[in-house]
Amino acid sequence: MSAALPPANSHSDLGSHKVKSPDSLKRKLSKSSSKELDEEEVRSGIPAKRLALDPRSRQCPYLDTINRSVLDFDFEKLCSVSLSHINCYACLVCGKYFQGRGQKSHAYTHSVQEGHHVFLNLETHKFYCLPDNYEVVDSSLDDVIYVLNPVFTPAMIKQLNLSSKQCIAYDGKSYLAGIVGLNNIKANDYCNVIMHTLSHIAPIRDYFLREENYKGIKAAPGDRMIMVPHRFGELLRKLWNPRNFKTHVSPHEMLQAVVLCSKKRFQITKQGDPIDFMSWLLNALHLSLGGTRKLSSSIINKTFRGKMTVYSRMIPTSEVTESERLALEQSGAYEEKVEENQFLYLTCDLPPMPLYPDELKENIIPQVPLASILSKFNGVTEKEYKTYKDSTLKRFEITKLPPYIIVFIKRFTKNQFVYEKNHTIVNFPIKNVDFGELLSEEVKKSHKYTHYNLLSNIVHDGEPKSGVYLAHILHKGSGKWFELQDLHVMDRLPQMIPLSESYIQVYELNKSIPNKSYVPPTKAAGNGASATEEAMSVAAEEAGPAEEAGPAAAEIGPVAAEEIGPVAAEIGPVAAAAETA
């Protein structure tokens, strides 16, 4: 016969000893040390449970062995022995990563063999002393946690565009937050210039500095694209970290995610095209953040998306017979077609380079003003697009300007034989570029502001196959221009920026110069518009000129549909015109 067990909250007599339940032991322990723990908890702000773990937690003798100069959390969090990313720890003495902290783990073995005792759990952000295996609690280690995972409050983000304060790294070098070099692992300079540029676009930067904005996004099982916004946000937080240990950042984890999610279309070891990478990255972020065809579905669309109307008509070629031409005319093939489209960036064509030298036997590099290449989008200029069987005349009319305009200057031409670069210099002003000149009178009345200031200028320097990419970035806090080429950061005079061979430019809306021909929505509604139309107009104005998202630009759609995944099927159909971007 078996005796009945006593209740969990009672005790039974076994001789002269009493076996107490775990709850009663906890209550007794809490009564005996409540005053000491409460005082220490109030004084240090650390929970009492952590203080009660081990008496050595607050007095670890190995804290002076931590070497902050070798700590680098930019690389992928993998064990240096087993290459596993599960339960990974960083040795704070040598900077290497090891797995586990049990007696048979790699971290434990490393601590015994090398005499390195302080480790950091990269997932929980807790410190441990090995091989004694107790948690280390010390406020002097907060700077290490901040370098591993910088955190920005809304108040800190508001000061980024206002502060010109120099930050001091651990090695004593000074830097400006946001103006730090990116490591070129082998041939990823085309990625570095895009990430530098996007990190200085205020809506994108402010959104991704707050991890709470995208941390709870749900992804389908097996969807790897969710890695892109998390890795991109982590990189931006490191670029703007005011307490870095060094004055450069390695985009290793971000590039690993790019290679994986793009199915090796963009690689670290092979030079690529920045505009292709920017197209893919913006579409990947848009879709990963739950973006749809709606024009306000993601921060990407709100920032860059604009609208245009595309007018196209076919023209007969010399190879078409008279009977075929008449048949096509009767079918309406030669009639002008109108299509509403959205764009992510504007593709501008350069005039061809001169084939022969001048009378001095020198090839003079031609120059062209920015307004000349932008006239393609004024709704009047027509451009012919030829295919193997027909030709089409198209003209583009912008109907909605976004807060940030990306201008892509098409410099490279490639055919079956050669890969050439057009060295034509584009003359452009740094401030107050009026994009309202491209709008019709009716469309211009609906835009409160039409002037833009240059924010970033990406340049290709050198020959087509051997050149490098660099970026000219405006730091708003100090008002200075900087040239960033991988790890090299230097000041740049604003007068020197238009002399470079610009490839991609980003313009920011200037709200200090109002549009004189702007008609407020209330006046338009008073001329016969309904109350519903008036309310919609006011809402659109308050939301900003890019409160419309939707499909990617013409040159973006195929990339999204092929490389990003099945979700991009919503984007593809709108990408019909090859150069509406």
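Remarks
- Single condition ASP132 does not satisfy, out of (1) within 25 Å of LYS246 (Cβ to Cβ); (2) not in a helix (DSSP H, G or I); (3) not small (Gly, Ala, Ser): (1)
- Being among the β-branched types (Val, Ile, Thr) and modelled with pLDDT under 95 is a condition met by at least one residue of the range 185-194.
- Filtered by the rule that a residue be more than 16 Å from ASN192 (Cα to Cα) and surrounded by 15 or more Cβ atoms within 10 Å (Cβ to Cβ), the range 456-473 gives a lone residue, PRO464.
- Members of the range 466-512 found to be of a type outside the set (S, T, N, Q) and in a loop (DSSP other than H, G, I, E, B), listed by number: GLY467, LYS476, GLY477, GLY479, ASP486, LEU487, LEU493, GLU501, LYS511
- Applying a threshold of 7 Å to beta carbon distances and a minimum spacing of six or more residues, or different chains, the list of pairs starting in the range 87-110 at a residue that is more than 12 Å from LEU122 (Cβ to Cβ) and among the aliphatic types (A, V, I, L, M) and ending at one that is part of a strand (DSSP E or B) and open to solvent by less than 30 Å² (accessible area, probe 1.4 Å) reads VAL93/VAL118.
- Looking only at residues of the range 504-522 that are touching an Asp or Glu at 6+ places or on another chain (Cβ under 9 Å) and either on the phi > 0 side of the Ramachandran plot or hydroxyl-bearing (Ser, Thr, Tyr) (or both), we find that the one that is most open to solvent (accessible area, probe 1.4 Å) is THR522.
- Matching residues, the range 442-461, being in a loop (DSSP other than H, G, I, E, B) and either at pLDDT below 90 or among the acidic types (Asp, Glu) (or both): none
Conditions (1) closer than 30 Å to TYR419 by Cα; (2) in a helix (DSSP H, G or I); (3) in contact (Cβ under 8 Å) with a residue 24 or more places away in the chain, marked per residue:
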| position | (1), (2), (3) |
| --- | --- |
| VAL228 | no, yes, yes |
| LEU260 | yes, yes, yes |
| ILE268 | yes, no, yes |
| MET278 | yes, yes, yes |
| LEU287 | no, yes, yes |
| GLY290 | no, no, yes |
| THR309 | no, no, yes |
| THR317 | yes, no, yes |
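- Among the residues making up the range 196-226, those that are assigned to a helix (DSSP H, G or I), touching a Leu at 6+ places or on another chain (Cβ under 9 Å), open to solvent by 10 Å² or more (accessible area, probe 1.4 Å) and among the aliphatic types (A, V, I, L, M) are ALA202, MET225.
- Count - residues of the range 292-307 that are among the polar types (S, T, N, Q) and either farther than 22 Å from SER446 by Cα or part of a loop (DSSP other than H, G, I, E, B) (or both): 4
The values are calculated or read from the model by the stated rules, or taken from the named source; none is laboratory data. Since this is a predicted model, take the numbers as computed values, not measurements. Reconstructed Cβ throughout: ideal geometry from the backbone, glycine too, with neighbour counts over all protein chains shown. For the accessible areas, the whole protein counts, side chains as well, though only heavy atoms, and no ligand, DNA or RNA atoms are used. Shrake-Rupley method; radii C 1.70, N 1.55, O 1.52, S 1.80 Å.
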